[in-house]
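The values are calculated or read from the model by the stated rules, or taken from the named source; none is laboratory data. Fair warning: this is a prediction, and the values are worked out from it, not measured in the lab. Virtual Cβ from ideal backbone geometry, glycine too; neighbours counted across all protein chains shown. Just so you know, the surface numbers come from the protein's heavy atoms only, side chains and all, with ligands and any DNA or RNA stripped out. Shrake-Rupley method; radii C 1.70, N 1.55, O 1.52, S 1.80 Å.
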Amino acid sequence: MEQSRAATAAKVLPDRNLVKIQGLQARADLNGLFSSVRNLPIRSDERIGVEVCASKERVWIKRKNIVPAP
């Protein structure tokens, strides 16, 4: 199952793909920031590892809270 989630994420969000963070409540300070997808397995809670471009902070974010960057 873990491989299946990782494979799905890789198809949708390849490593280093640029995405925009949106809709966060606990970390609203990250909303609107761009980040790059990290080449990590998706966690069991369905979060994807990303690195915020401006700060280089690495965070785990739900798929519904990231969109491809324009």
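Note on segment 20-52: residues that are outside any loop (DSSP other than H, G, I, E, B), in contact with a helix residue (DSSP H, G or I) (Cβ under 7 Å, 6 or more places away or on another chain) and farther than 15 Å from residue 69 by Cα total 1.
All conditions but one from (1) at pLDDT below 95; (2) open to solvent by 40 Å² or more (accessible area, probe 1.4 Å) apply to residue 9; the one that does not is (2).
Are any residues in segment 21-54 of a type in the set (A, V, I, L, M) and open to solvent by 80 Å² or more (accessible area, probe 1.4 Å), and if so, which ones? The answer is 26, 40, 54.
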